[in-house]
Amino acid sequence: MASIASSAKLSQCSEHKDETATLYCMQCESLACALCISGSHKSHVVVEVDKAGEQKRAKRDREVIEAVIDEEADRLIQAVTRRRQELKQRLESLTDTQDPSTSQRDLVPSRLVSELDSPEVLDVIARWGQVNCLPMVQGVVFAEEPAGRLGWSRMEGAQEYEVQMAKLGVVTEEKNEGGVLDDGFRRVYLGRKEQHDLSFPDGGAFAIRVRARFEEGWGPFSDVVKHTAEMPLIQNVAFVQDNGLPSSNNSERVTWSAVPNAQQYEVQKAGPMEDAKDEGKSSFSQLYQGSETSCSARLFDNYGWYLVRVRVQRDGAWSSFSAPFVFRHGSGLVWDAKNKPKEMRLKSDKNDLNRTVRHQAKRWEWFSALSSVPLSDICSPAGLAVFQVRVDSCRDSMSIGVSPSLPPPGTCVGAKDYGFAFYNGTDMCRDGEFISECGEDYGERDVIQVKVDFHAKTLRFLTNGVPQGPLFENVDLSKPLYACVSLHSSCTQVSFV
């Protein structure tokens, strides 16, 4: 027994000759290999040999201690029994005396006989003599797999086993702390098997103990085993907008699913980032902490890309964070700085993140700018992709729309092979086909919205929220579509909002 670990290093599995016995079955009390788990030791509780050695050493030490306790208990019981008999004999000799002395009788309390023969005294003697003779369950341990399987050593003569569990109080992320809650231990298993699969649907920290029932009665409980189960992660983290449109007010919110008995939630953010793939370049900081299941996007610093994660606190313990959710505050679109013509200038600072583009050529000619990502990247779960372009200054013609690629100098968005466009007049264009006088003229401070429905394959232009022109149907979405703007003269400027 003392050499389980060392013998395992030298032993081959008795059942599988080519395998080394690196495991120990707590129920069969024998060595096993990895193949045995699916064979003769299937569904048994097995642990690594080193852990098994620790269990055996602990059991041996406990047996030594219990032997000493039993010996001392027996000595005390015998002494109490002898003293009880002596006192009873002395009392009888005093009452049988022909001329009993009153002073001698007074030496014996009048209630002595009733106390010596009381049920309490006899019960204490009986219980001490019985309980200390019954063994304690040993080897209580959680299996490596499946999760939640508790096992213990087989007890000779045991008729059944009982498993009790209690929820622990305050628990830190590093270790278990705190005591059993007010409701205490409750029975979770009663049966003959030496294992039981425990479930922890709400997570948290628990104390588990096991005892065995013999013909003589119940033995003592095992030492308490503490187990921390991961609380369920926050689900359905999402970013919502009123009417599916990007908003400049407080209608943008981060939401998540409620957790029963939650004390509070914590939301952390990382960003803003220029690109959704820049994970890890910004550290997380707290965005919100409270009992609500949503928080306003106005708490975000600037427009751009963010990573958002949420966790919940329950029974004083925090769960792990949810998987990071990619969040786009505002439309999430910026102009592509890499493919921008040199005649188009980007306004680039911390607050704008390349959201503004300006025509700076001296000659009168169309120059275009394309968004950095396709519209499919900002598509909502409902299949809607929406962006807004604000006209900052307008000295001549401009065209706002969507295109599969960047139009070359001299060509504007909406021309043949370059998608859909709404001109600052009343005209619209689809792949070079003009539709005259179908919308209202727009200019400085107006906001042009472009809404693409990927499910219905439709496209709609709006000016300051008012629909313009026809609803374009059967939009070809086989190729990526980008937000695109074409400017015709200097000092003409637009921005994503």
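Just so you know, all these numbers are worked out from the coordinates, no wet-lab data involved. Given the structure is predicted, the values throughout are model-derived calculations rather than measurements. Using ideal geometry, Cβ is built from the backbone for each residue, glycine included, and neighbour counts are taken over all protein chains shown.
What's the FRET efficiency of D74 with D223 using the Cβ-Cβ distance as r and R₀ = 22 Å, to the nearest 0.05? Numbers along the way, then the final one.
Details: r = 24 Å, r/R0 = 1.08.
The computed FRET efficiency comes out at 0.40.
Filter K362/K451; K269/K342; K17/K193; K416/K451; K340/K451; K362/K479 down to the pairs with a C-alpha to C-alpha distance above 26 Å, please.
Going by Cα-Cα distance, K362/K451; K269/K342; K17/K193; K362/K479 fall outside the 26 Å limit.
Using bins 10 angstrom wide from zero, how does P(r) for the stretch 344-496 break down, in % of all Cα pairs?
Once binned at 10 Å, the Cα pair distances of the stretch 344-496 give 12, 45, 36, 7, 0.
Name the long-range amide H neighbours of Q138: under 5 Å, sequence gap of 5 or more, or other chain; modelled H, no Pro or chain starts.
Hits under the 5 Å cutoff: S153.
Neighbouring Cβ atoms within 10 Å as the yardstick, rank C438, C429 fewest first.
Lowest count first: C438, C429.
Which ³J(HN,Hα) values, rounded to whole Hz and listed in residue order, are derived for the stretch 314-321 from phi using the Karplus coefficients 6.51, -1.76 and 1.60 in 6.51 cos²θ - 1.76 cosθ + 1.60 with θ = phi - 60°, glycine and proline given as x?
Running phi through 6.51 cos²θ - 1.76 cosθ + 1.60 with θ = phi - 60° gives 8, 6, x, 10, 9, 7, 6, 6 Hz.
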